[in-house]
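Below is one structure, written out as structure tokens; the observations come after it.
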Amino acid sequence: MGPVTRIRREVLTLPAAELGPDNPLPPLRPLDDGGTPHALDAVGDHRVDDRDRDTMPRAMARRLDHAPPRSLLPVPVRDGYERNRAPRRLDALVIENDRLRATVLPGLGGRVVSLLHLPTGRELLYRNPVFQPANFALNGAWFSGGIEWNIGTTGHTTLACAPLHAARVPAPDGGDMLRLWEWEPLRDLPFQVDLWLPDGSDFLHVGVRVRNPHERPVPTYWWSNTAVPEGRRVLAPAEQAWHFGYERRLRRVPVPVHDGIDRSHPLNSPCAADYFYEVPDGRRRWIAALDADGHGLVQTSTDVLHGRKLFVWGSGPGGRRWQEWLTEPGTGGYCEIQAGLAGTQLEHVRLDAESEVSWTEAYGPLDTAPDGPWPQAVRAAEERLETLLPRARVEAAHRAWLPHADAEPGEILATGSGWGALEVLCRGWKLPGTPFPGTTLGEAQAPWLELLRTGSLPEPRGAWPPGRTLVAPHWRDMLETAPATPHTEYRLGIAQWHAGDRAQAVRSWERGLRPVPSMWPLLRCLAVADQESGHHERAAERYVEAFDDLCRQRPDDGEAGTAAMAALGRETLEALLAVRRTATARAVWERLLPAVRSRGRFRLLEAELLLAEGRLADARAVFDAGFEVADLREGADTIGRLWSRLTDEPLPARHDFRMHPGTP
């Protein structure tokens, strides 16, 4: 008999929130609404206390400082979602043999949302019963559960809720393999994830390749992130780990017990934290999560995927609230077991010019006694893993897969973005195995295609701000030589800002301030520049001028108008409240669309405005009426700080998202 692996399309129907429109304002500042250690979601949040650097190995310290990203550009912020869920159909791809069934969502980052062991009927992952975006990805929208592929920089990938290309390709054993691929926008790198199930195997095999087609080295980041039910014991071949918490201290601690608590049981930890296991050189790379009966999941890989990590939410009220927020009350919590290229998620590794890095992972069931002293439990799990899937077999699977990594896709199963096609067309690259055909170019790429072909940018058709601005050096060079229209000056300023040339960016935006149908995008950029340079009063004036310009265009209550009004209105209100201009802030509030004012984020802003006006009872009434800030940032203590200014009463449980007991 030949291979029996099957790949088929399926539709999942889940209670799901709509993603909504992207934020139309370019992210000139990092997302930073509060610190977080869990994947360090906000760019800039992965700061480490200087006191800890002397305790680190030199190689770790070097990778810690290696080329941190300047911003989220060119990626837009995804904050248009709310928390109203309704049954929705999600396109899925299923790959299965007679032992395992993996369900993948190609339209949502290629997430493996289910890994079902067919002989026992056991779900090996934490499977979220809903789709609820939350503000955890580098650029906002993210959802919990399953296995995700994080590339780019420290945090949940910007592609967490984005479509990937998917196709059927030949597997090493002659059967079928599911290939996922895309263009990672922060580092401008193509990557692929190949999933296959050897005949009769209990392990999903995953081959990953990241390529650097540039003529320069590029800092690289990868962490495969697996959610599992948190009522497990997590085992890994380590006696020490680097602990990172919300106090930003990176410290080496013993495993599994430190401060008198056995941290291998996620629910034992009082607070959310990361544990980056220090796996000794030469030791097999693996991590497992087992329930009280000894059943669970193990992940292993070839040695290139070096790091292993446990993330726990902790038993505190904030961690419990976040768990409910990401799914539904009563559905159970989760922890995460992860594997990455570096020892910690605070590091980037160097990928040389015109080179690639690849490895093979395997995910499958593990049955072994989880209890007892740590060394014995780890040794028993490792021996059981070696029986089920010998280390040599994983290495052989990787060698067998490599020749197939360049195999051209056959049947196309899903389509990603057109950004890869634009880059390939611009640079003339050949990327066997991961084609980015010109047929994927769309409206978002159209102005850049014209710039590439004619040397000039087309004028935007409407009054709304243009979409994504590309900021890589080759696009910045083209913008600098293009005719200096206001639209081009706007784009050029964004690219210069990203490159760190803020003075020149300001000059470009100021040159663009001519009589044009829509000046508010330029004014908003100048307002951000004023804030970053400490000129907060002038920034507030710029914001008011920008908001007036937007309102003069009378945006309707459609998706584009609402997104623009919400994004600019929020920043304007925050700028005015920062300089205590409450009367002007009230005038801005009254001009917001009703659909905007009713959102949870703006209800919170309303409470802050009322408090600034001295109307404490009215501000308290906003809390009493209830609201939900859909895009509340992980680790943010915004709600708690405002509540503490209103009353000495304990923060209501529904608003308690505090991840550390020291926060208000």
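The values are calculated or read from the model by the stated rules, or taken from the named source; none is laboratory data. Not measured: the values here are computed from a predicted model. Every residue, glycine among them, receives a Cβ derived from its backbone with ideal geometry; neighbour counts consider all protein chains shown. These accessible areas exclude ligands, DNA and RNA; they are computed on the full protein's heavy atoms, side chains included. Shrake-Rupley method; radii C 1.70, N 1.55, O 1.52, S 1.80 Å.
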Problem set entry | Tally of residues being farther than 17 Å from Thr368 by Cβ, among the basic types (Lys, Arg) and in contact with a strand residue (DSSP E or B) (Cβ under 8 Å, 6 or more places away or on another chain) across region 261-309 | 4
Exercise. Restricting attention to region 346-357, and to residues there that are open to solvent by 20 Å² or more (accessible area, probe 1.4 Å) and in a strand (DSSP E or B), which single residue is nearest to Val234 (Cα to Cα)?
Worked result: Val349
Exercise. Identify, please: which residue in region 358-386 is more than 24 Å from Ala102 (Cβ to Cβ) and among the charged types (D, E, K, R) and is, among those, least open to solvent (accessible area, probe 1.4 Å)?
Worked result: Glu382
For this session: Mind listing whichever residues of region 578-614 are in contact with a helix residue (DSSP H, G or I) (Cβ under 9 Å, 6 or more places away or on another chain), closer than 19 Å to Leu632 by Cα and either of a type in the set (Phe, Trp, Tyr) or in contact (Cβ under 8 Å) with a residue 12 or more places away in the chain (or both)?
Result: Ala595, Val596, Arg599, Arg601, Phe602, Arg603, Leu604, Leu605, Glu606, Ala607, Glu608, Leu609
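Per-residue answers, yes or no, for (1) modelled with pLDDT of 95 or more; (2) open to solvent by 20 Å² or more (accessible area, probe 1.4 Å); (3) aliphatic (A, V, I, L, M):
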position: Arg9; (1), (2), (3): yes, yes, no
position: Leu40; (1), (2), (3): no, no, yes
position: Val48; (1), (2), (3): no, no, yes
position: Arg62; (1), (2), (3): no, yes, no
position: Ala67; (1), (2), (3): no, yes, yes
position: Ala92; (1), (2), (3): yes, no, yes
position: Leu115; (1), (2), (3): yes, no, yes
Exercise. Taking the stated definitions as given, is Pro237 part of a strand (DSSP E or B) and either more than 22 Å from Trp181 (Cα to Cα) or open to solvent by 10 Å² or more (accessible area, probe 1.4 Å) (or both)?
Worked result: no
Problem set entry | Number of the condition not met by Ser644 [criteria: (1) of a type in the set (Ser, Thr, Tyr); (2) open to solvent by 30 Å² or more (accessible area, probe 1.4 Å); (3) closer than 23 Å to Leu550 by Cβ] | (3)
For this session: Select from region 240-251 the residues that are open to solvent by 10 Å² or more (accessible area, probe 1.4 Å) and not in a loop (DSSP other than H, G, I, E, B) and list them in ascending order.
Result: Gln240, His243, Arg251
For this session: Take region 115-148 and flag every residue that is among the aromatic types (Phe, Trp, Tyr) and assigned to a strand (DSSP E or B).
Result: Phe131, Phe136, Trp142
Problem set entry | Pick from region 117-140, criterion among the aliphatic types (A, V, I, L, M) and more than 20 Å from Val193 (Cβ to Cβ), ranking: surrounded by the fewest Cβ atoms within 10 Å (Cβ to Cβ) | Leu118
Seminar exercise, completed: Within region 387-401, of all residues that are in contact (Cβ under 8 Å) with a residue 60 or more places away in the chain and part of a helix (DSSP H, G or I), the one surrounded by the fewest Cβ atoms within 10 Å (Cβ to Cβ) is Glu395
Exercise. Which residues, taken from region 575-598, are surrounded by fewer than 15 Cβ atoms within 10 Å (Cβ to Cβ), assigned to a helix (DSSP H, G or I) and among the small types (Gly, Ala, Ser)?
Worked result: Ala578, Ala583, Ala587, Ala595
Problem set entry | Candidates Gly174, Gly155, Gly200, Gly207, filtered to the one that is open to solvent by less than 10 Å² (accessible area, probe 1.4 Å) and on the phi > 0 side of the Ramachandran plot | Gly155
Seminar exercise, completed: Screening Leu526, Leu513 for residues that are surrounded by 21 or more Cβ atoms within 10 Å (Cβ to Cβ) and either under 24 Å from Ala472 (Cβ atoms) or at pLDDT below 95 (or both) leaves only Leu526
For this session: Give Arg601, Arg591, Arg554 a once-over and let me know the one that is basic (Lys, Arg) and under 25 Å from the mean Cα position of the chain (by Cα).
Result: Arg601
Exercise. Name the pairs: first residue in region 291-306 and under 13 Å from Arg391 (Cα atoms), second residue open to solvent by 50 Å² or more (accessible area, probe 1.4 Å), Cβ to Cβ under 7 Å, at least 6 apart or on different chains?
Worked result: Thr302/Glu395
For this session: Under 8 Å between Cβ atoms, at least 6 apart or on separate chains: pull out the pairs that start in region 160-180 with a residue that is free of Cβ contacts under 8 Å to residues at least 60 places away in the same chain and end on any residue that is of a type in the set (A, V, I, L, M) and outside any strand (DSSP E or B).
Result: Ala160/Leu108
Exercise. Can you find a residue in region 182-192 that is open to solvent by less than 10 Å² (accessible area, probe 1.4 Å), under 26 Å from Glu423 (Cα atoms) and either among the charged types (D, E, K, R) or in a loop (DSSP other than H, G, I, E, B) (or both)?
Worked result: yes
Exercise. How many residues does region 237-286 contain that are small (Gly, Ala, Ser) and under 25 Å from the mean Cα position of the chain (by Cα)?
Worked result: 5
Problem set entry | From the options Glu559, Glu541, Glu532, residue that is open to solvent by 20 Å² or more (accessible area, probe 1.4 Å) and either over 30 Å from Glu480 (Cβ atoms) or in contact with a strand residue (DSSP E or B) (Cβ under 8 Å, 6 or more places away or on another chain) (or both) | Glu559
